[in-house]
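The values are calculated or read from the model by the stated rules, or taken from the named source; none is laboratory data. This is a predicted model, so every value here is computed, not measured. Here the Cβ positions follow ideal geometry from the backbone for every residue, glycine too, while neighbour counts run over all protein chains shown. For accessibility, only protein heavy atoms count, side chains too; no ligands or nucleic acids. Shrake-Rupley method; radii C 1.70, N 1.55, O 1.52, S 1.80 Å.
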Amino acid sequence: MQKTKIECEIYPNEYRDSMVLMNVSRQLEETTGVKRTMAVMGTPGNKALLKQMGLFVPETEKGTPNDLIVVFEPDAGADLGQVRNRISEILTGPAEHGGGKACAHDGPAAPVYRTVTAAAEYEPDVNLAVVSVPGEFAAREADLALDAGMNVFMWSDGVPIEDEVRLKSKAVENGLLMMGPECGTSLVNGVCLGISSVVRRGPVGALGASGSGLQEIYTLLDRAGIGVTHAIGTGGRDLKEAVGGLTTLQSIDFFDGDEDTKVIVNVSKKPESAVAKKVLDRVSVCTKPVVVCFLGENNSTKFGDNVHIAATIEDAVDAVGEILGQKIITRDDDAALAKVGPVTLRPEQKYIRGLFTGGTFCQEATLIWKEALGEVWAVHSMDPEFELTDPEKSIGHTALDIGEEYFTVGRPHAAIDPVPRIERMEREIEEKEVAVIVLDIELGHGSHPDMAGALAPSVKKAREKGIYVITHVCGTELDPQNVVTQEKILAEAGSVVAETNAAAARIALKILGT
Amino acid sequence: METKTIERLHTFLKGEVKPVNIGISSFYEGLTSQGLDALQLDWRPPALGNPELLRILDKLREPGIRKRIEKANDLAVKQMIAADPVLEDVAPAGEVISGLEKNMVLHAGPPMVWEEMPEAIRGSVIAAVMSEGWASSPNEAAGLAESGHIDFHPGHDFDHVGGFSGVITHSMPVFVVRNRDKGNIGFSSWRDIGQASGRYNDEVLRFMKWQRERGVPVLRTALKQRGGIELRPYLVQGIMMGDEHHNRVIGDTANFTRMFAYSIVEAAPERRTAVELLKYFADLDLASVPINIAAAKCIVDAAKEIEYSTIITAWGRNGVEDGIQISGLGNVWFNGLAPLVEGTYFPGFSQADSAPAIGDSCVIECSGFGGMASAAAPTHATVKDAPGAAEKITRDMYEITWSKNSRYPIPLLDSQGVPIGIDLLKVLDTGIRPVSNNPAVHKNNREISGVIGFGLTRPPMEAFEKALKAFEEKYLMLME
């Protein structure tokens, strides 16, 4: 076999920087017909390098330090003319960036930071950190954000309660707002955080230790044309005794002093009594009317001149409406139910299954069902007697919060990711004794783009099996998903659409004939 | 609530919201779809998710110790920024490095013995020993090294830092740079690249003899006559010319030669030596690197041994181990395995041919230049993988440095200063390690001359982990 000759091209007075030439060499190597190649300036050092690599031929010696030398070892039978053309193409064409990729630069890319501290340092106008990293790391991020002077919205759960106390104390001390951990929704000056609906601005200052409860209130108000100044989510544990309502009290202080806020409404799951007292003491000296809804408190009462205690979310919304001179909730459950025709159940169909993604919605429905039915099974039940030993298997009337850690571990929250709930629903509809399935959907920025569409096939399947489905969609027409569109998708799939979550729970009872 | 804190809350709730999203990307999309100018953090678990390290990092954020660390690091960086390096001399090492005895050999990186040394250092030692006249053949030189009659020490222990092997002996020449602010001195060998990468042939030995007998006396006289050369303006000009002072030094070498040429001519006893010296600087792009290394050493040493400081004050590799030192922990090395160079190799070579990283030259990075200032060298950027990669590197480096040195502005980054003061805690917080621009050396360097490519190296995470644990032991356990 003939030994291939080394070819050498010299370009006199053609200076290229050594870094550029490394790149040229790399492009040349990719050229068809070239085995090995190197492009260098003709310095003594480079000539020595070529010798070492066996790429030196007598002609190479002629190149001076100002000359560009291109040497190459062609493949046997290669078209040398074509290779030379390619060389001059590479040398005269625009310098390609590494990897030969086309350079598509639309101006500088937005800087990307790894740490909240760096973001704060280089973007000093950042004033809010939205934290949704895993619970074991979340407190640290929030702490760094607070130290950098940022307010915090923390979606993450699984944060130790001592950390919550420490972070909230630091926030309150420094005039910063710490929303969460376990905060599902907040509207800050018209900006939606977490999963939040787009609502109009108005005179109501809303706050709550309950994500779905708070969203229910401000969306129902919005549907009646009443807006909010802000809706501050405090995080699910704010009214636990250990936390002592730090963010709740701070928010009430704010709303009390805020000129734009005319009415305050505060919703939470039933608080521990010492904290409930602290909150009530504070609101009783408010300069404006306050509606307080502690879910599970027995009666709607007045407490002082300015304070209305509401037993349910609907009562709270109506109380706000009353203060502002408006009627809000129709409470016309029969009309909603009538839309799916007369109720017919097989004799064995006896049970309700609630599959919720809003924690407060689950709790609210449970309270309503317990009163009428006696027993309602759950995971982390309020009533230890009715604790499901196997969360995978429902018993009798069961109400599940699919947003609970058990169901979502390693996945996004069920309000965003429809899969865990669809899987559960598919199993529930196989059960002969199931009469009604109750669902909720939280719309808004940050939520799933089409949860109704994702659930619709399972709704249809349930209807085919004679199971009723009742859904409440918490959202507004201004939401990216649009509440009207979502409700329509569900109605077409055969679901009863309820105006409130409580209505959905009551309609379920009606179907059972209870 | 206090009036002030209420006011602060009102300002937030009444003003424009500018959020940073840390976590779920649909929340980021939710924010931007509302028209907000939101940031998405490129978040990853701090300390690589290692709970033990995270525990220490959290303890170090407690106000008491945190304040001390901040104060110490402020001081460390302030002193680095104040450093005023001046090239004062080129002299035989034994004459200016105190404690460098006649039977000693200094080498790069953490301490090691002859048996552990890679080829590049061994060959370099052989050249040095022969050039000193301690042995007349390579075998004899190797035998002497093996016999235990030679004391090996890291150059760092003697304020000496050298590229590649970093090998230096008594009569080999060093550049002497003094920090006129604090008075500390940094040395770096005026090395022959062949010798420094482990060759000991006649050509190498001839050059070393020429240096000693003809080059050094002229450079010394020239520098004495000039009263030294102030390096700050030179370092600024280099950055303006697209150099980062480590891999990319063509502007530096040209500048230095321009500034110094007439002094060489004045000082040379005969025309021949002047021509030889000028030709040396004209032919060798990398001629200015040792000057930069010595200047960097001066700058970094200004931050040394400040109690509680977490700033990295040394970074060196010996071809086996890669180590760092921390200001508040004195001269203790924290090591891991030396990495291979990630980058572009000359045609015909690949990473598989490359020896693990070697040399003290990454002191340049500790001083804010080199890989840290990648964005300053746009030409260098063309060998990186993606458009904007060099700029991205420097932006990353801002996240792990304590400050910026506005004395050395980077034109492409709107004249922000180079990132200075690599912080141990920030490295562990972010998982971003500092970057050094390095040449790759062939693993069989006796056959293939030194450099076979250029690219990046980062110290092993293990070095930072060990340093953090030692910091806890020294400062936290004391407090408890």
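Just the residues that are part of a loop (DSSP other than H, G, I, E, B) and open to solvent by less than 10 Å² (accessible area, probe 1.4 Å), please, taken from the range A:484-505. Hits for the range A:484-505 are A:495, A:500. Filtered by the rule that a residue be open to solvent by less than 80 Å² (accessible area, probe 1.4 Å) and either within 35 Å of the chain's Cα centre (by Cα) or modelled with pLDDT under 65 (or both), the range A:82-109 gives A:93, A:96, A:97, A:98, A:99, A:100, A:103, A:107.
Looking only at residues in the range A:117-140 that are in contact with a Gly (Cβ under 8 Å, 6 or more places away or on another chain) and open to solvent by less than 10 Å² (accessible area, probe 1.4 Å), the one that is farthest from the other protein chains (Cβ to nearest Cβ) is A:138. Those helices (runs of 4 or more DSSP H) of the range A:377-483 in which at least 3 residues are in contact with a Lys or Arg (Cβ under 9 Å, 6 or more places away or on another chain), considering only elements entirely within it, cover A:419-428, A:451-464. Given the criteria in the same structural domain as residue A:259 (by TED's automatic domain parsing), touching a Phe, Trp or Tyr at 6+ places or on another chain (Cβ under 8 Å) and more than 23 Å from residue A:376 (Cα to Cα), does residue A:292 qualify? The answer is yes for residue A:292.
Here residue B:307 meets each of (1) farther than 30 Å from residue B:66 by Cα; (2) over 15 Å from the mean Cα position of the chain (by Cα) with one exception, condition (1).
Checking the structure you have, find out if any residue of the range B:313-330 is under 30 Å from residue B:71 (Cβ atoms) and of a type in the set (Lys, Arg). Checking the range B:313-330: not a single residue is under 30 Å from residue B:71 (Cβ atoms) and of a type in the set (Lys, Arg). The condition of being open to solvent by less than 10 Å² (accessible area, probe 1.4 Å), part of a helix (DSSP H, G or I) and outside the structural domain of residue B:231 (by TED's automatic domain parsing) holds for only one of B:323, B:336, B:316, B:328, that being B:328.
Within the range A:13-32, the set of residues being touching a Leu at 6+ places or on another chain (Cβ under 8 Å) and either surrounded by fewer than 19 Cβ atoms within 10 Å (Cβ to Cβ) or in a loop (DSSP other than H, G, I, E, B) (or both) comprises A:14, A:15, A:16. Only residues that are of a type in the set (Ser, Thr, Tyr) and more than 27 Å from residue B:7 (Cα to Cα) were counted across the range A:205-257, and they come to 2. Across the range B:299-306, a minimum of one residue is classified as in contact (Cβ under 8 Å) with a residue 24 or more places away in the chain, open to solvent by 20 Å² or more (accessible area, probe 1.4 Å) and either on the phi > 0 side of the Ramachandran plot or among the hydroxyl-bearing types (Ser, Thr, Tyr) (or both). Among the residues of the range A:144-167, some residue qualifies, meaning at least one is within 10 Å of chain B (Cβ to nearest Cβ), open to solvent by less than 10 Å² (accessible area, probe 1.4 Å) and among the polar types (S, T, N, Q). Name the residues in the range A:168-179 that are within 12 Å of another protein chain (Cβ to nearest Cβ) and surrounded by 23 or more Cβ atoms within 10 Å (Cβ to Cβ), would you? Within the range A:168-179, A:171, A:176, A:177, A:178, A:179 qualify. Just one residue in the set A:360, A:389 is among the polar types (S, T, N, Q) and open to solvent by 50 Å² or more (accessible area, probe 1.4 Å); that residue is A:389.
In this entry, residue A:61 passes the filter for residues that are open to solvent by 70 Å² or more (accessible area, probe 1.4 Å) and not in a loop (DSSP other than H, G, I, E, B).
Scanning the range A:33-53 for residues that are surrounded by 15 or more Cβ atoms within 10 Å (Cβ to Cβ), among the small types (Gly, Ala, Ser) and assigned to a helix (DSSP H, G or I) turns up just one, A:45. Per the conditions (1) exposed (fewer than 15 other Cβ atoms within 10 Å of the Cβ); (2) more than 8 Å from every other protein chain (Cβ to nearest Cβ), the sole criterion not satisfied by residue B:33 is (2). Yes or no: residue A:427 in contact with a helix residue (DSSP H, G or I) (Cβ under 7 Å, 6 or more places away or on another chain) and surrounded by fewer than 21 Cβ atoms within 10 Å (Cβ to Cβ)? In short, no. Taking the conditions (1) among the aliphatic types (A, V, I, L, M); (2) touching a residue at least 40 places away in the same chain (Cβ under 8 Å); (3) in contact with a helix residue (DSSP H, G or I) (Cβ under 9 Å, 6 or more places away or on another chain); (4) open to solvent by less than 70 Å² (accessible area, probe 1.4 Å) in turn, residue B:9 satisfies each one other than (2).
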